[in-house]
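The values are calculated or read from the model by the stated rules, or taken from the named source; none is laboratory data. These figures come from a predicted structure and were not determined experimentally. FYI the Cβ positions are ideal-geometry reconstructions off the backbone, even for glycines, and counts take in every protein chain you see.
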Amino acid sequence: MAEKKKVDFEQSLERLELLVEEMEGGTLSLEEMIRHFEEGSGLVDVCTKKLNEVEQRVEKLVKKNGELTEVPFEVEE
C-alpha cells in the first residue's frame, strides 16, 4: 500500500501564490488556466485543513492554576 505524503503548509501556500501569479499574468491558455485553477482549489483545501488543525490545537490550550497547559488531541486524517 502506498504511503500518503504529507503536504507541507508553507510549500502549499508558496505553490498557490505561484499559480495565482501565473494566472494573473495573462499569458496562460484556457486549458492551463483551468489546470491552475483545479490545482489551486486543492491547495486551498490543504491549507484550510491545516489552519483548522492549528486553530483546534490553540483552542485546546487551557488555563489551569494560572498556567497554560496544552491538552493533546487527535488530528483527523
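Output the number of residues of the stretch 16-38 satisfying the condition of being over 16 Å from the mean Cα position of the chain (by Cα), surrounded by 10 or more Cβ atoms within 10 Å (Cβ to Cβ) and of a type in the set (A, V, I, L, M). Total meeting the criteria: 4. For beta carbons closer than 9 Å, sequence separation of 6+ or different chains, a first residue in the stretch 1-30 that is more than 16 Å from Thr48 (Cβ to Cβ) and a second that is modelled with pLDDT under 95 and charged (D, E, K, R), the qualifying pairs are Lys4/Glu77. Any chance the stretch 28-36 includes a residue that's in a loop (DSSP other than H, G, I, E, B) and at pLDDT 95 or above? Yes, the stretch 28-36 has at least one match. Restrict the check to the stretch 5-20 and report whether at least one residue is of a type outside the set (Gly, Ala, Ser) and at pLDDT below 70. The answer is yes; a qualifying residue exists.
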